[in-house]
Amino acid sequence: DVKVTQSSRYLVKRTGEKVFLECVQDMDHENMFWYRQDPGLGLRLIYFSYDVKMKEKGDIPEGYSVSREKKERFSLILESASTNQTSMYLCAIGGLLNTEAFFGQGTRLTVV
Amino acid sequence: GENVEQHPSTLSVQEGDSAVIKCTYSDSASNYFPWYKQELGKRPQLIIDIRSNVGEKKDQRIAVTLNKTAKHFSLHITETQPEDSAVYFCAASSNNNDMRFGAGTRLTVKP
């Protein structure tokens, strides 16, 4: 059974705080993705990584950074949280050359 | 980068009718087109996928068609049931390993 685990289900943070969202997988997959999900906008790609220490910007990277020091862990960092970053954040993993993506359970982040 | 558009945003059908959701993509290098179903409060899960070397794929009541020339692909659900009610997402991916999603379609199947 595939496990993609996000560190928190719900988070409430204050404007200006630095926020870390963690994602851990047990599938040894190369690809890891961070998306944010907002009503009417679907799943928008923030960043993805295809290898340790490698990262690629997605469509909405502004205000975010990522870290992948180990293959199984992919972290999303909000350098200075703002209210417009209130959203559901989903981590996903996938194999090389396009295979099924498996999602974590999501983190609902509220920035106040 | 890739841009995926999905229509309609909402779809309501009677139980037993068919449902069709359509997506277009912009990057001719895209070669993998999965469809995900997200039930309320749950994570998205793959229901069917198609690669660019085939035009159609079927799995029981669901099927996907791909038109590479026109850069569009569609999900077809026949004999819909109330448990098909969910949000459906199409996606497109290339050998660059990125995966872009459409905005989603909320399908409601009325009993």
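The values are calculated or read from the model by the stated rules, or taken from the named source; none is laboratory data. In this text, all values refer to a predicted model and were calculated from it rather than measured experimentally. Virtual Cβ from ideal backbone geometry, glycine too; neighbours counted across all protein chains shown. Remember, those area values only see protein heavy atoms, side chains included, never the ligands or the DNA or RNA. Shrake-Rupley method; radii C 1.70, N 1.55, O 1.52, S 1.80 Å.
Descriptive notes on the structure:
- Selection from the range B:86-111 of residues that are open to solvent by 60 Å² or more (accessible area, probe 1.4 Å) and basic (K, R): B:R106, B:K110
- Single unsatisfied condition, B:S9 versus (1) under 26 Å from A:Y50 (Cα atoms); (2) among the small types (G, A, S); (3) in contact (Cβ under 8 Å) with a residue 40 or more places away in the chain; (4) within 14 Å of chain A (Cβ to nearest Cβ): (1)
- Selection status of B:V54, of a type in the set (V, I, T) and modelled with pLDDT under 95: yes
- Of note, B:G1 does not satisfy the criterion of being more than 22 Å from A:G58 (Cα to Cα) and in a loop (DSSP other than H, G, I, E, B).
- Taking the range A:18-31 as the range and being open to solvent by less than 70 Å² (accessible area, probe 1.4 Å) and either at the interface with chain B (Cβ under 9 Å from one of its Cβ atoms) or modelled with pLDDT of 95 or more (or both) as the test, the residues that pass are A:V19, A:L21, A:E22, A:C23, A:V24, A:Q25, A:E30, A:N31.
- Subset of the range A:50-63 that is within 12 Å of B:N97 (Cα to Cα), within 9 Å of another protein chain (Cβ to nearest Cβ) and outside any strand (DSSP E or B) - its residue that is nearest to the chain's Cα centre (by Cα): A:G58
- Some residue of the range B:76-83 being within 15 Å of the chain's Cα centre (by Cα) and within 14 Å of another protein chain (Cβ to nearest Cβ): no
- Boolean, A:L45 is in contact with a Lys or Arg (Cβ under 9 Å, 6 or more places away or on another chain), aliphatic (A, V, I, L, M) and open to solvent by less than 80 Å² (accessible area, probe 1.4 Å): yes
- Taking the range B:25-56 as the range and being more than 14 Å from chain A (Cβ to nearest Cβ) and assigned to a strand (DSSP E or B) as the test, only B:E56 passes.
- Scanning the range B:56-85 for residues that are surrounded by 15 or more Cβ atoms within 10 Å (Cβ to Cβ), farther than 29 Å from A:S49 by Cα and not β-branched (V, I, T) yields B:K57, B:A63, B:H76, B:D84, B:S85.
- Scanning the range B:9-55 for residues that are of a type in the set (A, V, I, L, M, F, W, C), within 23 Å of A:F102 (Cα to Cα) and open to solvent by 40 Å² or more (accessible area, probe 1.4 Å) gives B:A29, B:L40, B:L46, B:I47.
- Any hit, the range A:80-96, residues being open to solvent by less than 40 Å² (accessible area, probe 1.4 Å), over 11 Å from the mean Cα position of the chain (by Cα) and modelled with pLDDT under 95: yes
- No other residue among B:L11, B:L75 is over 24 Å from A:A92 (Cβ atoms), part of a strand (DSSP E or B) and out of contact with any Gly (no Cβ under 6 Å at 6 or more places or on another chain) apart from B:L11.
- Restricting A:Y89, A:Y47 to those that are in contact with a Phe, Trp or Tyr (Cβ under 9 Å, 6 or more places away or on another chain), in a strand (DSSP E or B) and within 11 Å of chain B (Cβ to nearest Cβ) reduces the list to A:Y47.
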